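What follows is a set of notes on a single structure, which appears directly below.
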Protein chains: 2
Amino acid sequence: MQDSLRGRPKEIPHNEKLLSLKFESLDYDNIENQLFLEEERRMSYMGFRCLEISRWVVCGLIGFLTGLIACFIDIAVEELAGFKYQVVKENIEKFTEVGGLSISLILWAVLNSAIVMIGAIIVAFFEPIAAGSGIPQIKCYLNGVKIPRVVRLKTLVVKVCGVICSVVGGLAVGKEGPMIHSGAVVAAGVSQGRSTSLKRDFKIFEYFRRDTEKRDFVSAGAAAGVSAAFGAPVGGVLFSLEEGASFWNQMLTWRIFFASMISTFTLNFFLSIYHNKTGDLSSPGLINFGRFESDSVAYNLYEIPLFIAMGAIGKSYFILFFTRYVHRPCLQVMEAMLVAAVTATVSFTMIYFSNDCQPLGPEHTEEYPLQLFCADGEYNSMATAFFNTPERSVRSLFHNQPDTYNPLTLGLFTLTYFFLACWTYGLAVSAGVFIPSLLIGAAWGRLFGRLLAIWADPGKYALIGAAAQLGGIVRMTLSLTVIMVEATGNVTYGLPIMLVLMTAKIVGDYFVEGLYDIHIKLQSVPFLHWEAPATSHWLTAREVMSSPVTCLNRIEKVGTIVDTLSNTSTNHNGFPVVVQPAKLCGLILRSQLIVLLKHKVFVELARSRLTQRKLQLKDFRDAYPRFPPIQSIHVSQDERECMMDLTEFMNATPYTVPQVTQTQFAEDDFFGVLGQISPWQTWTGGTSAGSDIVHTHTHTHTHADTNP
Amino acid sequence: MQDSLRGRPKEIPHNEKLLSLKFESLDYDNIENQLFLEEERRMSYMGFRCLEISRWVVCGLIGFLTGLIACFIDIAVEELAGFKYQVVKENIEKFTEVGGLSISLILWAVLNSAIVMIGAIIVAFFEPIAAGSGIPQIKCYLNGVKIPRVVRLKTLVVKVCGVICSVVGGLAVGKEGPMIHSGAVVAAGVSQGRSTSLKRDFKIFEYFRRDTEKRDFVSAGAAAGVSAAFGAPVGGVLFSLEEGASFWNQMLTWRIFFASMISTFTLNFFLSIYHNKTGDLSSPGLINFGRFESDSVAYNLYEIPLFIAMGAIGKSYFILFFTRYVHRPCLQVMEAMLVAAVTATVSFTMIYFSNDCQPLGPEHTEEYPLQLFCADGEYNSMATAFFNTPERSVRSLFHNQPDTYNPLTLGLFTLTYFFLACWTYGLAVSAGVFIPSLLIGAAWGRLFGRLLAIWADPGKYALIGAAAQLGGIVRMTLSLTVIMVEATGNVTYGLPIMLVLMTAKIVGDYFVEGLYDIHIKLQSVPFLHWEAPATSHWLTAREVMSSPVTCLNRIEKVGTIVDTLSNTSTNHNGFPVVVQPAKLCGLILRSQLIVLLKHKVFVELARSRLTQRKLQLKDFRDAYPRFPPIQSIHVSQDERECMMDLTEFMNATPYTVPQVTQTQFAEDDFFGVLGQISPWQTWTGGTSAGSDIVHTHTHTHTHADTNP
């Protein structure tokens, strides 16, 4: 009605609608062409059963391997960090009495820098995508955006070694985020039954060599990673769903859960051997919050407003230091080493000038208590926070006796650690942001609890503070609640943690996006959010689609196809197939056309090689996922005159929407279907709506064409 | 390819494709007609915000009220059952010494029968749909099948009173299943801001008066019910998702979680007041499994095969007694009373002949220890199991000292309780099946643990047995695992419980469907399962659609519309709207046409009442959900000659699929979109595929028509 009053927006050229050329979307739609349907028909009931069973086997393997990797990281960090702290502790003890603690400081700083250097070098020079936690990349992948190199074997190796170096090097980082990325890489590798990097093909799981299946396994891998990192299998499942799912697929969810369970189980089993308690499977994931006993720290109704207030505090201040302009690998390594040295220096200074001495209890949980200038039988409380792996510091903030830390210690620690964490974030090292957030939150939460001083246990406030800080930074609500509940092993805190996370999210969203979203935006990833952007409310399909549509005929000249694919101004990844006059009969992907050209499936040649085997799905699967570019396909001048019959290969039942469909609804309603299937080049036109609309609209247009 | 070789199946008349005429599907698709789009356009950003906030408010209310109802049921059962057991206990104690225990037996049996009679009368005479647990009905509703009367206020009242009577009456039933149904009814009521039964309209939440929104709230209500019943908010969310979701909608999931949290919180808060521990929010839901301390009962690797073996045992034996041929209300009441009396008699006999005496510890958990013929300071162990509410019995089986029950007691209890539960299931009383299943499973699990006797704690095996039995009966995997984990308050058992539930499901599915599915099948509900039935693999859209399609013109004669709606042989609930020549331009629902006819929105009349207000969405919302049948609309002979313009009211962008689409894929891929939106009469054609295919195919046909 009002449409006719408002002027139609001008046609925008295709390339200007692109947010970035670097990213493709996953082909999440099954290509239901004749080859596929024939295969499905040939497959017996037992065949389907076997497929289903092998999916479970793959998920089991994913869980197992992810658990193993988590175990390896954990043990490596424990051993190396233990060794480092032991050396530094002995050195400090030696020089405390004779004087000359500056030597200890230098030892500490040099040790840190050296270890971090190794981690930074492998990341900066060998695989820059392994920097950071990897969660934004996995989030994109789960949402249907293909980030180059993100699920490769090399990335995994660099990530694992890198994160060990970062944590052992004493940076303000955690090893949990990288675990999630590692799980995803394991899943992408195992499910394909081959490694393209190692050029090994085990000839198994060939059926799974397509984006649909692979993405499903990657979500299981990410869940297994969360599960291993936090000992939270349910949290892992919800993480995968919250970050990635459009559909609820029951069988898939069960498999994800299975992978998560196996992952926790594997980790626990091997850690129980490592800790000489073989077979005791009750220990939790990489980060152990310790048990909160419900009796001792139950909360009361009047505390809830306090908790909510704390939630409002925890916001994504990290952003301050986020943007970073060091791009040359050498400088990145130098910077990482500098941060490592500064971290050691600051920690040392803080410990040195602190005079918060606490008696060394008989059941002390401190692994490396530093006596320093305290009386015998006492230890330096600031050192518990700084001279320790961050995981241990979190645990001691949660569980130590109420008077363990004095408020000054907590305040100073919060401030310094906060600035260190901000500086560290964005360095070219593999590093998670969960643990620093938890640690900062736990510190100010405990401070808050101490200042209130009316209630018995500041550990409770440390937990709420940690939740608030983490929630403010990563903005996950559902999965984070469950992760926290599972990691604390106590459902009692479910409601307050949820309220805190909700508040943190609402208040945080008011000011600035979550850290991961900022990260995604800075990289210009065409990421489709849950809610359609406000500007898309009045847009219809007609207004956003590319036009004229680049179509192919069902029987098309090879030359035309090559030209279409080579044309850089219309670099679509999928093309509607039409029969004259302009009637849509299918959809074919760039990758399919490339395989066809490579195998020279031309009508003319077909006669001369009648005895040759027909092109099969296997040929497409073998080429997956690294299809060659069109430039590498050689087509002679004679061949250009041949014809190609696309009938067998095109998807005859693509999705279409009428051209008057509002994009808002196209996104809302079709999200499950269209949200992740676009074989088109990603696109955006001022809105943050990504890859999927063009798909809808090119179709739409074609569809509209057919109804003149 | 092979299509042309196989003969086309003959056309099946529309009515023969129907599984049942009793059920309609929910209109899960938004009706994107001009009225709706105009409303959306008029609505400001703040308007959308307010809507979103009111959704949260509604979910909070749902959680609160569900928690209150759970609290009411719990307290009522506690008080009434306490009174009953006290009376009987005193009577037994009196007659144990003087002889004449038969008087006690009669007292017990009469009390039980009288209480059960009340419950059976209200169910059988006032609202038969309130019988049973209500979970199958809610499962259907969440899957898009509208079961008549299932979410009405009257059903709620009868359900709540009924379940109190059943539990207090000593039947082998639980109060947890009905809680889920209650939560769903609360949600359906609160979200509409009015009660059609009470004829009260609060004029709020009018926007939510359509199936889409209502179903979303009902899923929150069901989750809140689970949450209240088991103290398992995450389990509640997963229950709703596992049983109902097709889409993963992030905001909706958060709201469901919020409702669940509030529900647990409310229940805990009021129960803490009732138990004189005001403000202590740490107590769990209606059923309290008690805490399993991880240290005492950790499991070992070699126990896992044992657990899996136990999973294979727990199957749905209930089925034996399931089919029931008592249909007259009077007889139903008599039968319920008989079962109540027999239950009391059997329990009494078992207790009487048992000689399993146990010392009465100082910290005994038994509420009503019966001394009977035991020595002073001892109590009858059989009585702990029988002379108690089932919830307490479960708890004592989980947690009592290893030697509390001797194997004979456990064996006899398992057998008798099993037969009682089977007989009880299907009675015309409100009653859940969770608790009896748990109780039977816990009993044989504990027996199993005692017989192994090598390990310390048979309570652990009781838990695994309970999981196996429950899993074998209800066949939920993911949500049940989480519910069990949350109810035990211990994540350690996650993996074994999951393995047990998976085994129970796989072994169970091999023999017979789950109890709820059997229930649904017996009622001929056209329920769409997750996986497409095997027979649908080769069916295409063309083969299953109704033809010829009953279409309406965009400007249609009133007489034609009335005739179409009155025609019982084509009782569709939605009609494609076409413009000549046979071009699809929209879709209109029966309910919309009825409202239009009622308001006499005829082209000719429009001129004469130019000043009158236009028909608005509000008129449709006011009529929702009980649209009158076509027979009650009076249309005069003159009016039959008028014309109706459907342009404004039809959905101009309905979903369509090409007619060659395989139904298998239509189901797989489109499930989220088409799975629950069908405005058509439900349909089936030999397969169990339900309501949705016709929608697809009638469209398809029309769509196909337009491409001649």
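Which residue out of A:Asn288, A:Asn268, A:Asn276 is more than 21 Å from the chain's Cα centre (by Cα), at pLDDT 65 or above and on the phi > 0 side of the Ramachandran plot?
After ruling out the rest, the residue left standing is A:Asn276.
From B:Ile129, B:Ile121, B:Ile75, B:Ile92, which residue is surrounded by fewer than 16 Cβ atoms within 10 Å (Cβ to Cβ) and in contact (Cβ under 8 Å) with a residue 12 or more places away in the chain?
Unique residue meeting the criteria: B:Ile75.
Please state which one of A:Tyr405, A:Tyr425 is farther than 27 Å from A:Ser113 by Cα, at pLDDT below 85 and either outside the structural domain of A:Gln358 (by TED's automatic domain parsing) or hydroxyl-bearing (Ser, Thr, Tyr) (or both).
A:Tyr405
Can you tell me how many residues within the stretch B:496-534 are in a helix (DSSP H, G or I) and either more than 14 Å from chain A (Cβ to nearest Cβ) or free of Cβ contacts under 8 Å to residues at least 40 places away in the same chain (or both)?
Matching residues across the stretch B:496-534 total 17.
Going residue by residue through the stretch A:426-434, is there one that turns out to be crowded, with 24+ Cβ neighbours inside 10 Å, in a helix (DSSP H, G or I) and hydroxyl-bearing (Ser, Thr, Tyr)?
no
Can you name the residue in the stretch A:545-577 that is surrounded by fewer than 20 Cβ atoms within 10 Å (Cβ to Cβ) and aliphatic (A, V, I, L, M) and, of all such residues, is farthest from A:Pro628 (Cα to Cα)?
A:Ile555
Output yes when any residue across the stretch A:573-589 is more than 14 Å from chain B (Cβ to nearest Cβ), at pLDDT below 85 and outside any strand (DSSP E or B), and no when none is.
yes
Criterion first (at pLDDT below 80, part of a helix (DSSP H, G or I) and closer than 19 Å to A:Val77 by Cα) does A:Thr365 satisfy it?
No: the conditions fail for A:Thr365.
Of the residues A:Val77, A:Val123, which single one is assigned to a helix (DSSP H, G or I) and in contact with a strand residue (DSSP E or B) (Cβ under 7 Å, 6 or more places away or on another chain)?
Result: A:Val123 is the single residue among A:Val77, A:Val123 that is assigned to a helix (DSSP H, G or I) and in contact with a strand residue (DSSP E or B) (Cβ under 7 Å, 6 or more places away or on another chain).
If I go through the stretch B:477-495 residue by residue, how many of them are part of a helix (DSSP H, G or I), over 16 Å from A:Gly494 (Cβ atoms), at pLDDT 80 or above and within 9 Å of chain A (Cβ to nearest Cβ)?
Adding up the residues that qualify gives 2.
Going through the stretch A:246-265 one residue at a time, which ones are surrounded by 24 or more Cβ atoms within 10 Å (Cβ to Cβ) and in contact (Cβ under 8 Å) with a residue 60 or more places away in the chain?
Those that are surrounded by 24 or more Cβ atoms within 10 Å (Cβ to Cβ) and in contact (Cβ under 8 Å) with a residue 60 or more places away in the chain: A:Ser246, A:Arg255, A:Ile256, A:Phe258, A:Ala259, A:Ser260, A:Met261, A:Ile262, A:Ser263, A:Thr264, A:Phe265.
Taking into account only those residues within the stretch A:139-155 that are buried (at least 23 other Cβ atoms within 10 Å of the Cβ) and among the hydrophobic types (A, V, I, L, M, F, W, C), which is farthest from A:Ala431 (Cα to Cα)?
For the stretch A:139-155, the residue satisfying everything is A:Val145.
Looking only at the stretch A:428-455, which residues are modelled with pLDDT of 85 or more and not small (Gly, Ala, Ser)?
Those that are modelled with pLDDT of 85 or more and not small (Gly, Ala, Ser): A:Val429, A:Val433, A:Phe434, A:Ile435, A:Pro436, A:Leu438, A:Leu439, A:Ile440, A:Trp444, A:Arg446, A:Leu447, A:Phe448.
Please give the number of the condition B:Phe202 fails out of (1) at pLDDT 85 or above; (2) of a type in the set (A, V, I, L, M, F, W, C); (3) more than 22 Å from A:Trp530 (Cβ to Cβ).
It fails just one condition, (1).
Among what's in the stretch B:209-242 and is within 14 Å of chain A (Cβ to nearest Cβ) and of a type in the set (Asp, Glu), pick the residue that is surrounded by the most Cβ atoms within 10 Å (Cβ to Cβ).
B:Asp216
The values are calculated or read from the model by the stated rules, or taken from the named source; none is laboratory data. All values reported here derive from a predicted model rather than from experimental measurement. Quick reminder, even Gly has a Cβ in these numbers, built from the backbone with ideal geometry, and neighbours come from all protein chains shown.
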